[in-house]
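The values are calculated or read from the model by the stated rules, or taken from the named source; none is laboratory data. Please read these numbers as outputs of a predicted model, since none were measured by experiment. Reconstructed Cβ throughout: ideal geometry from the backbone, glycine too, with neighbour counts over all protein chains shown. The protein model used for the area step is the full one, side chains on, heavy atoms only, and it has no ligands, DNA or RNA in it. Shrake-Rupley method; radii C 1.70, N 1.55, O 1.52, S 1.80 Å.
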Amino acid sequence: MPQKTYFHVDMDAFFVSVEELYNPSLEGKPVVVGGQANERGVVAAASYAARKFGVHSALPLRTAAKLCPQAIFIDGHPERYREYSKRVYGVLQQFSPLVEMASIDEAYLDMTGTERLHGPPLRAAHLLHRAMKEQTKLNCSVGIAASRVVAKISSDQAKPNGVLWVVPNCEAAFLAPLEIRRVPGIGKVTEKRLQKLGIRLVGDLARMSDDQLRKELGELGLALAGKARGEDAGAWYSNEIGEDVGPKSISHEHTFNTDTADAQVLEATLSRLAQMVCRRVREHGLFPRRVQIKLRYSDFTTFTRAHTLEQGTQIDQDVFETARELFNANWQKGRTIRLIGVQVAMFEEERQMVLLEDERDKKRLDALNVADHLRDKFGEGVVSLGTGMKSRLRERTHENPAALPGKEPRK
């Protein structure tokens, strides 16, 4: 069996870089994409000039404004990012037929067996690096390794605008001195748990016994240990690149800039969230049966409520009406809400429609597919249906929007 070669391609400050193409005056300045300085949202991307002040993705916008008050805050243009993500995907397909977009601005490529076309790994990576700049005007960083997890870590180490190859059998030496948060899947909570065990570097994690990790962290601990050894361990890496496994759930939520108890605003927001969720559902060709809402009050008290439908649906109105019933049955009227969300799950790939409903649902789906096409072209806000027209909710800039390249709706 030939030695595997994987590339992880990560676009450098993608959202900011796209904004700079449309507005060159932003170049070199501290820029924050994701919302305005006085809003409750989080940073979607920050320029390298802003990062010097401690601003990074997922940081609250208001905190970013305190750290870097001179920053330029931009809501973002999701339709532009989707368009450039498609261009990025087009470049990647020139180098391998096995490409998987992990998010809007990063992808894995299986480059195994492409040496005759592109040369050895390092040469191929530099060719890709150059092609990306020439065809998209954007910079990227490329990590090369015999496993996807090491390729991802190496692309992060190569930033900005670099290429890094971890030669086979050198994975342990490369990973050992890195801080554990460099390992994919280790967030702040897990990092703190590991630090309490005396684990601060990847090498510390790799030396832990499986029995001890299973005792402290369960199966997650074993997966993290595998990653620390340079292995593609864990559920996400159990599938081949390009294999369509589909999502287990799809959700959207919205944090209000000002807490509200306005029933009309809340209902309109639920409607828009249901539309956004169903757009993703249609993208994947799935029919969810379970609808769940999430409510967070001003005091951060949070609860979820769910209902299972008799049959799966892709219709916005079906999901919205179920979400509205759950909301009306559980909201303490007059109590202000900070966040509201809609989630669907229990997916079926086919739906046995009742004959009398079939023609009506087909017409509704045809109309919704037209709306989806317009949103692909002009952005989520260009079309809103029914109650959602009253909502002021805008599409947030984030890494996993609908219509990721290579994951278009299944016909």
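Structure values in brief
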item	result
Above-threshold pairs, the threshold being 20 Å between Cα atoms, out of K86/K227; K86/K133; K29/K66	K86/K227
E179 versus E348: modelled label distance in nm, points set 7 Å from Cα along the beta carbon direction	4.9
Set of the range 283-310 residues, backbone N closer than 13 Å to the point 7 Å along the Cα-Cβ line of L365	283-288
Alpha-carbon Rg/Rh ratio, for the range 57-199, with Rh computed the Kirkwood way	1.02
Within the accessible area of the range 14-74 (1.4 Å probe), percent carbon and sulfur	56
Percentage relative contact order, the range 261-321, counting C-alpha pairs under 8 Å, at least six apart	37
More than 23 Å apart - percent of Cα-Cα pairs taken over the range 1-91	29
